[in-house]
Amino acid sequence: MTIPHAIEGLRQLKYTPGSEEPVHQHEQGQLIYPLRGVAKIVTPQHIWLLSPGRAIWLPGGLSHGLQAIDHVVTQNLYLTLRPRVSLASSAVDWPLPRYCIP
């Protein structure tokens, strides 16, 4: 049986105001959901301000970085898609339905 995609990890990260996650990339796609605070997400094409109630999908292989505007706590879900399914060719963000927000 082939698993179409696999969860590679789930991490909660905390940032202090002004701290940065340097620009990097990884093979897995990453879904970032901030539980607290505002973060600036930077990719080669866009800059987003991400706050609670919104999430961003970063496809695997996309260069990205983060800067904390204030105290930030994020939940990060890392996914490997098999076969390589394209959810989006670039980063996308969207509002989450109310029932998904704690």
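Summary table below
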| item | result |
| --- | --- |
| Check on Gly61, at pLDDT 95 or above and assigned to a loop (DSSP other than H, G, I, E, B) | no |
| Count of the stretch 6-40 residues which are of a type in the set (A, V, I, L, M, F, W, C) and outside any strand (DSSP E or B) | 1 |
| Filtered residue count, the stretch 66-95, keeping only those that are at pLDDT below 95, closer than 22 Å to Tyr15 by Cα and not in a strand (DSSP E or B) | 1 |
| Long-range neighbours under 9 Å by Cβ, at least six apart or interchain, first residue of a type in the set (Lys, Arg) within the stretch 45-69, second surrounded by fewer than 19 Cβ atoms within 10 Å (Cβ to Cβ) and modelled with pLDDT under 90 | Arg54/Asp93; Arg54/Trp94; Arg54/Pro95; Arg54/Leu96 |
| Answer residue from the stretch 7-21, given it is over 26 Å from Leu81 (Cα atoms) and of a type in the set (Gly, Ala, Ser) and is surrounded by the most Cβ atoms within 10 Å (Cβ to Cβ) among those | Ser19 |
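The values are calculated or read from the model by the stated rules, or taken from the named source; none is laboratory data. Computed from a predicted structure; not experimentally measured. Heads up, the Cβs are rebuilt from the backbone with ideal geometry, glycines too, and the neighbour counts pull from every protein chain shown.
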